[in-house]
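Engineer: This is the structure I have questions about; it appears just below.
The values are calculated or read from the model by the stated rules, or taken from the named source; none is laboratory data. On a predicted model such as this, the values are computed, not experimentally measured, just so you know. Glycine gets a Cβ as well: all are built from the backbone with ideal geometry, and neighbour counts include every protein chain shown. Surface accessibility is based on the protein's heavy atoms, side chains included, excluding ligands, DNA and RNA. Shrake-Rupley method; radii C 1.70, N 1.55, O 1.52, S 1.80 Å.
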Amino acid sequence: MNTKIIKIDENNIDTSLIDEGANIIKSGGIVAFPTETVYGLGANGLDEEAVKNIYKAKGRPSDNPLILHISTIEQLYPLVDEIPDLAYTCMEKFWPGPLTIIFKKSEIIPNIITAGLDTVAIRMPDHPIASMLISKAKVPIAAPSANLSGKPSPTKGSHVVEDMMGKIEMIIDGGGTGVGLESTVLDLSTETPTILRPGGITLEDLRKVIHNVVQDRSITNKEEVPKSPGQKYRHYAPNAEMILYTGDVEKIIKKINSDAKYLMDEGKNVGIMATEETKDSYTVGKILVSGSREKSETIAHNLFDILRKFDEYNVDIILAEGIGFDNIGMAIMNRMVKAASGKVIKL
Ligand code: TXA
Ligand code: MG
């Protein structure tokens, strides 16, 4: 397939280009587009055949359901069976934005979207290109992250080109995404409001409006089976092996330095994922800075790009500094633990 790549400046949108993308979606094709979290791989969410092709392009297991993206609250009503009061509160506070809400689904949702569940995930992205594409397509857009299944999610147009060239009709390159990690998935379809995937809206943010919100136990305990199908897969993974170091920063630096030297003596090409504050403490290996410990949003913003960069440098192993679990740190560490396939050294 010939993939058309178009560049759009989010501050000066050429609406005729968005029309072109919307027409592809209306006629059953796939368009990758930027959101404020990561790039999405979008198709008409009510067209079963089109949605099948999303799974095919990503190589995604069919038991992993998709999020429907909308641009107005009116679009929500036909998609869900009931809207709890709490959902109204959350939508008012966090939409448009990086919060996906799980509702009881209505009859019109194809089974392929929900992987047979009786609930549906819905989100209203906060990005001018995404909003305009949805409103011009006039349908809810089903969109998983626009990476090949298992790879880090795309946060730049070039990442999407890497993974999706020749597999979809169009890629809209709107530059870098903002948050850099996927949306928070919040289940409001059951009695206890539960975070199924930590993301751009933090537990601390949600607690301000939902006092009894909890996190699915699998987020902090890897022995538990996740409630969200997507959380059980290895994810966000670079080609290289990765080891994550958590705990006291001074101890982390010391241990990474000694492990790096040992691995290099063994002939390994070693990558080190450092932070602004610690980068000068490393003397060997390919050192990349994920961001600042003082401003963990910068780490969220850069993480997936850095993971892809290590692969470009062809490192054999990545030794990565972990950070604290507070605020956006919870989502960052969730992605890092998965990228490391659970290989975590606690110091
Ligand atoms: O930020 C985001 O959410 C991005 C952008 C493109 O919007 N999208 C995204 O989609 O991350 P995806 O497909 O990569 O991740 C969706 C997650 C998966 O873990 C999936 O299992 C979960 O949401 N999910 C979808 N529907 C669900 C449902 N009905 N119940 C529980 N989990 C669900
Ligand atoms: Mg994904």
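Engineer: Being within 16 Å of ligand 2 (Cβ to nearest atom) and outside any loop (DSSP other than H, G, I, E, B) is the filter here, so list the residues in the range 131-174 that pass it.
Structural biologist: Across the range 131-174, the qualifying residues are Ile141, Ala142, Ser145, His159, Val160, Glu162, Asp163, Met164.
Engineer: Of the residues that sit in the range 199-220 and are farther than 11 Å from Pro98 by Cβ and assigned to a loop (DSSP other than H, G, I, E, B), which one is nearest to ligand 1 (Cβ to nearest atom)?
Structural biologist: Within the range 199-220, the match that is nearest to ligand 1 (Cβ to nearest atom) is Asp216.
Engineer: Further question: I'd like to verify a number: residues in the range 128-149 that are surrounded by fewer than 22 Cβ atoms within 10 Å (Cβ to Cβ) and within 11 Å of ligand 1 (Cβ to nearest atom), how many?
Structural biologist: 1
Engineer: In the set Thr177, Thr184, which member is buried (at least 19 other Cβ atoms within 10 Å of the Cβ), out of contact with any Leu (no Cβ under 7 Å at 6 or more places or on another chain) and β-branched (Val, Ile, Thr)?
Structural biologist: Matching residue, one of Thr177, Thr184: Thr177.
Engineer: (1) without any contact (Cβ under 8 Å) to a residue 40 or more places away in the chain; (2) closer than 28 Å to His235 by Cβ; (3) part of a loop (DSSP other than H, G, I, E, B): which one isn't true of Met91, the others all being true?
Structural biologist: (3)
Engineer: Considering only residues that are farther than 27 Å from Gly97 by Cβ and either surrounded by 14 or more Cβ atoms within 10 Å (Cβ to Cβ) or modelled with pLDDT of 95 or more (or both), which ones fall in the range 1-19?
Structural biologist: Selection gives Asn2, Thr3, Lys4, Ile5, Ser16.
Engineer: State whether one or more residues within the range 27-38 are open to solvent by 40 Å² or more (accessible area, probe 1.4 Å), under 18 Å from Thr119 (Cα atoms) and in a loop (DSSP other than H, G, I, E, B).
Structural biologist: No, the conditions are met nowhere in the range 27-38.
Engineer: In the set Leu79, Leu99, Leu86, which member is under 19 Å from Val139 (Cα atoms) and surrounded by 15 or more Cβ atoms within 10 Å (Cβ to Cβ)?
Structural biologist: Leu79
Engineer: Which pairs turn up if I take residues in the range 5-17 that are under 16 Å from Thr35 (Cβ atoms) and look for partners that are surrounded by 12 or more Cβ atoms within 10 Å (Cβ to Cβ) and small (Gly, Ala, Ser) with beta carbon separation below 7 Å, at least 6 apart in sequence or on another chain?
Structural biologist: Ile8/Gly174; Glu10/Gly174; Glu10/Gly175
Engineer: Something else: Looking for whichever is surrounded by fewer than 22 Cβ atoms within 10 Å (Cβ to Cβ), near ligand 1 (Cβ under 9 Å from one of its atoms), farther than 22 Å from Ala57 by Cα and polar (S, T, N, Q) here; the options are Thr119, Thr114. Which one fits?
Structural biologist: Thr119
Engineer: Checking Lys58 against (1) modelled with pLDDT of 95 or more; (2) open to solvent by 50 Å² or more (accessible area, probe 1.4 Å); (3) within 15 Å of ligand 2 (Cβ to nearest atom), which test does it fail?
Structural biologist: Of (1) modelled with pLDDT of 95 or more; (2) open to solvent by 50 Å² or more (accessible area, probe 1.4 Å); (3) within 15 Å of ligand 2 (Cβ to nearest atom), only one is false for Lys58: (2).
Engineer: Which number in (1) surrounded by fewer than 24 Cβ atoms within 10 Å (Cβ to Cβ); (2) in contact (Cβ under 8 Å) with a residue 40 or more places away in the chain marks the one condition that Ile171 misses?
Structural biologist: (1)
Engineer: Name the single residue, out of those in the range 112-130 being assigned to a helix (DSSP H, G or I) and out of contact with any Leu (no Cβ under 9 Å at 6 or more places or on another chain), that is nearest to ligand 2 (Cβ to nearest atom).
Structural biologist: Within the range 112-130, the match that is nearest to ligand 2 (Cβ to nearest atom) is Ala130.
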